[in-house]
Amino acid sequence: MLEPNWKITELRKQVAVIDGKTAPTIVITNARYLHSMYKKWVEGNIWILGDRIVYAGPKMPVNIEGTEIVDASGKTIVPGYIEPHVHPFQLYNPQTLADYAAQLGTTTLISDNLTFFLHTTNEKAFSMLDQLKKLPFSFYWWARFDSQTELQDEHKLFTPTVIHDWLERSDVLMGGELTGWPKLVAGDDQMLYSLQEAHMYGKKIEAHLPGSSSRTLARLKLFGADGDHEAMTVEEVENRVLHGYGVTLRHSSIRPDLPDLLKGILEKDLNLFDHLMMTTDGATPSFYEKGIMDQCIQVALDAGVDPIDAYQMASYNIARYYNMSDVHGFIATGRFATLNILEDEYHPVPESVLSKGVWLKRDGEKVRTLEGVDFSALPPLNLSFDLTEEDCQFSMPFGIEMLNDVITKPYKVSVHPNQGHLSEEHDECFLMLVDRKGQWRVNTLIKGFANKLQGFASSYSSTGDIILIGKDIKEMLHAFNVMKEMNGGIVLVENGEVIETIPLPLCGGLSVEPVEHLIQQQSALANALAERGYAHGDAIYTLLFLQSTHLPYVRITQQGIYEVMKKKVLFPSLMR
């Protein structure tokens, strides 16, 4: 349902400020601020009524009775930062992520809806979205067309009607991301219909095309893809621009590509910065210890990018691409009063943050917490079944070998897994994927995860099903039982003792803790896993992507062990 940002009575009051009949709520004087269209630093005064800038320029309002006057002399003001590609379910939840991000100047999130899609109805999801909209923060959303794995009932979830209801919302700006684009190329007309419908509603389509050839880029562009965030080299950036894609440069824990991409763009003297955006691509909590979009801006500044271009890639360029520069990414009349007050343009972490006219941070101190959203519509895990040693039978001739955090390939099993315990002399572990409803399981081995890990359980996964990993079946079952008692979470056990836990009470995948606390919890878990042989960069991404069929070469899914390139199930899941 389409609704205006401001009602008629509000518009009349805003104009009354210009006429001197009403006083603004805030006036920021002596402001040196970024004008996104001129691409210049300009000086003037910013008048604000409620959540809107009613004037920005050299004049002062006639009526300032009761107005808060903020003298910004010596400071630099930029638009609030926009994160255009958010997965707001990486242990944190949308509210806790927003609360953390806002203190660092990121006041707008364009976010994945997949967890809502998989775990609750549209009606309940929309109720949570509407609650989030009431916060002094800007939330926007994607509409997924596929699950990025092989579900047993995907056709029942991703129906035209369900997708249509998402696309109809004005706070949904994007269709995708298209992790399932091979199905589209292979003839999936239902997905193609969703792309067409998204465009009819004025939404952008975000592709997911790592390493794709020029022909693949052309095919997807013809189908309707507008943008992509998977360029890993400057040549891939150029190729996407060649085909007219909107390009978002990525900087995350497993793909920290941004410094090299910017270096290559500068070395080649490519005049592209007006057409580029930046993202952290839904990084895990520990990566955000260094910041969110402020971190991307700092990387750009350190690479030698002009400061105005660096800030535009985190604000105006994104707003313009998503057709919302009338309210975001621009300090000018009529926009949301969402501003970051900086020491200067070389220090992107703001001293003060104003979001929709509400101070969230003043002079380096947090003055407002974003809270009050009821996420109870996300069902608790409440596992109603037990696992026994009978469930832990392993006889597959091959397992899954990790090449890095997220890329896996099949390998021939060389150990005898039927004794209930594996030696610590090698890096092969038992691996199970168990239905959160207890109806099926998939058992295999995983090589390269760890060599001294006894028992590990996680209800955090891309589908919310249960992942068990370890050298010892009894310890794996112990970890499962601890996780079950917690109603969801990540558990590491050893010699009958619980070593580390991360409670995830919201549908077994999301924490209610502040991101600052989650950073500590994830760091403790990472250290414990590293001590037990985990040698990759980010185990949270490993858990997330073990099921993800948009990555090569073999995956463990609800349907069974799945070969990605041949698009077939090698060994089906077993009913319990």
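The values are calculated or read from the model by the stated rules, or taken from the named source; none is laboratory data. Quantities reported herein were computed from a predicted structural model and do not represent experimental measurements. Using ideal geometry, Cβ is built from the backbone for each residue, glycine included, and neighbour counts are taken over all protein chains shown. Remember, those area values only see protein heavy atoms, side chains included, never the ligands or the DNA or RNA. Shrake-Rupley method; radii C 1.70, N 1.55, O 1.52, S 1.80 Å.
Here are the numbers:
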| item | result |
| --- | --- |
| Matching option when the condition is free of Cβ contacts under 8 Å to residues at least 40 places away in the same chain, open to solvent by less than 20 Å² (accessible area, probe 1.4 Å) and closer than 16 Å to residue 251 by Cα, among 300, 310 | 310 |
| Meets criteria (in a loop (DSSP other than H, G, I, E, B) and touching a strand residue (DSSP E or B) at 6+ places or on another chain (Cβ under 9 Å)) for residue 537 | no |
| In the stretch 76-93, the residues that are part of a strand (DSSP E or B) and closer than 15 Å to residue 129 by Cβ | 86 |
| Considering residues of the stretch 266-280 that are touching a strand residue (DSSP E or B) at 6+ places or on another chain (Cβ under 9 Å) and open to solvent by 20 Å² or more (accessible area, probe 1.4 Å) only, the residue nearest to residue 110 (Cα to Cα) | 275 |
| Residue list for the stretch 182-219, filter: in a helix (DSSP H, G or I), small (Gly, Ala, Ser) and open to solvent by less than 10 Å² (accessible area, probe 1.4 Å) | 194, 198 |
| Residue pairs meeting the criteria (Cβ under 6 Å; at least 6 apart or on separate chains; first touching a residue at least 60 places away in the same chain (Cβ under 8 Å), in the stretch 372-386; second open to solvent by 70 Å² or more (accessible area, probe 1.4 Å)) | 377/124 |
| Long-range neighbours under 9 Å by Cβ, at least six apart or interchain, first residue under 18 Å from residue 565 (Cβ atoms) and in the same structural domain as residue 161 (by the TED database) within the stretch 185-197, second part of a helix (DSSP H, G or I) and open to solvent by 90 Å² or more (accessible area, probe 1.4 Å) | 185/219 |
| Long-range neighbours under 7 Å by Cβ, at least six apart or interchain, first residue under 14 Å from residue 120 (Cα atoms) and surrounded by 15 or more Cβ atoms within 10 Å (Cβ to Cβ) within the stretch 151-167, second aliphatic (A, V, I, L, M) and at pLDDT 85 or above | 163/143; 166/143; 166/172 |
| Which listed residue, of 90, 95, is under 11 Å from the mean Cα position of the chain (by Cα), touching a residue at least 60 places away in the same chain (Cβ under 8 Å) and either assigned by the TED database to the domain that holds residue 312 or buried (at least 24 other Cβ atoms within 10 Å of the Cβ) (or both) | 90 |
| Only one of 371, 343, 365 that is open to solvent by 50 Å² or more (accessible area, probe 1.4 Å), in contact with a Lys or Arg (Cβ under 8 Å, 6 or more places away or on another chain) and outside the structural domain of residue 461 (by the TED database) | 343 |
| Total residues in the stretch 488-531, condition in contact (Cβ under 8 Å) with a residue 60 or more places away in the chain and of a type in the set (D, E, K, R) | 3 |
| Segments classed as helices (runs of 4 or more DSSP H), wholly inside the stretch 94-169, with at least 2 members that are closer than 25 Å to residue 550 by Cα | 114-119, 154-157, 160-167 |
| Selection status of residue 65, outside any loop (DSSP other than H, G, I, E, B), of a type in the set (Asp, Glu) and surrounded by fewer than 19 Cβ atoms within 10 Å (Cβ to Cβ) | no |
| Unmet criterion (only one of (1) crowded, with 20+ Cβ neighbours inside 10 Å; (2) within 19 Å of residue 89 (Cβ to Cβ)) for residue 534 | (2) |
| Members of the stretch 233-262 that are more than 20 Å from the chain's Cα centre (by Cα) and among the acidic types (Asp, Glu) | 235, 236, 238, 260 |
| Residue match in the stretch 387-402 (condition: among the β-branched types (Val, Ile, Thr), part of a loop (DSSP other than H, G, I, E, B) and surrounded by fewer than 18 Cβ atoms within 10 Å (Cβ to Cβ)) | yes |
| Checking residue 230 against (1) under 17 Å from the mean Cα position of the chain (by Cα); (2) among the acidic types (Asp, Glu); (3) part of a helix (DSSP H, G or I), the condition it does not meet | (3) |
| Filtered residue count, the stretch 16-39, keeping only those that are open to solvent by 20 Å² or more (accessible area, probe 1.4 Å) and free of Cβ contacts under 8 Å to residues at least 12 places away in the same chain | 2 |
| Test for residue 549: is it assigned to a helix (DSSP H, G or I) and under 19 Å from the mean Cα position of the chain (by Cα) | no |
| Any hit, the stretch 174-181, residues being out of contact with any Pro (no Cβ under 6 Å at 6 or more places or on another chain) and loosely packed, with under 15 Cβ neighbours inside 10 Å | no |
| Residue that is farthest from residue 402 (Cα to Cα) [pool: residues in the stretch 537-574 that are among the hydrophobic types (A, V, I, L, M, F, W, C) and open to solvent by 50 Å² or more (accessible area, probe 1.4 Å)] | 574 |
| Matching residues in the stretch 507-523 - criterion: being of a type in the set (A, V, I, L, M, F, W, C) and either modelled with pLDDT under 95 or within 16 Å of residue 543 (Cβ to Cβ) (or both) | 507, 510, 518 |
